[in-house]
1. Counting only protein heavy atoms and using a 1.4 Å probe, what share of the accessible area of the chain belongs to carbon plus sulfur, as a whole percent?
2. How tilted is helix 3-20 with respect to the longest principal axis of the chain? Cα atoms for both, answer in degrees (0 to 90, nearest 10).
3. Given the chain reduced to its alpha-carbon atoms as identical point scatterers, what log10 I(q)/I(0) does the Debye formula return at q = 0.27, 0.28, 0.29 Å⁻¹?
4. Simple spin-label model, 7 Å along Cα-to-Cβ: TRP9 to THR28 in nm?
Amino acid sequence: MSELSVIVWAPLVGAALVLLTRSRSSATAVALIASLVSLAATIGVIAGFDRDAIGFQFVEARDWIPSIGV
């Protein structure tokens, strides 16, 4: 999974898990872990950024519906 996907999905998965927890302390722990995962991926993206490169960096391309070429 690419860093961009982790940056987007970690908070969303963390929020879903927080909704499923029963105690406040476990919800806080899940939220902290999801935030730290997203932060680590963001730091990785920033560290890998090349200021001299021309064009987009960290592009993630996926076929949505391959049968119709989308």
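1. With neighbouring chains kept in place, the figure for the chain is 68 percent.
2. Between the helix axis and the principal axis of the chain, the angle is about 20 degrees.
3. Listed by q, the Debye log ratios stand at -1.10, -1.14, -1.18.
4. Taking the two extended label points, one gets 2.9 nm.
The values are calculated or read from the model by the stated rules, or taken from the named source; none is laboratory data. The shown structure was predicted, so the numbers you read here are calculated from the model rather than taken from an experiment. Backbone-built Cβ (ideal geometry, glycine too); neighbour counts: all protein chains shown. Just the protein is used for accessible areas: all its heavy atoms, side chains included, with ligands, DNA and RNA removed. Shrake-Rupley method; radii C 1.70, N 1.55, O 1.52, S 1.80 Å.
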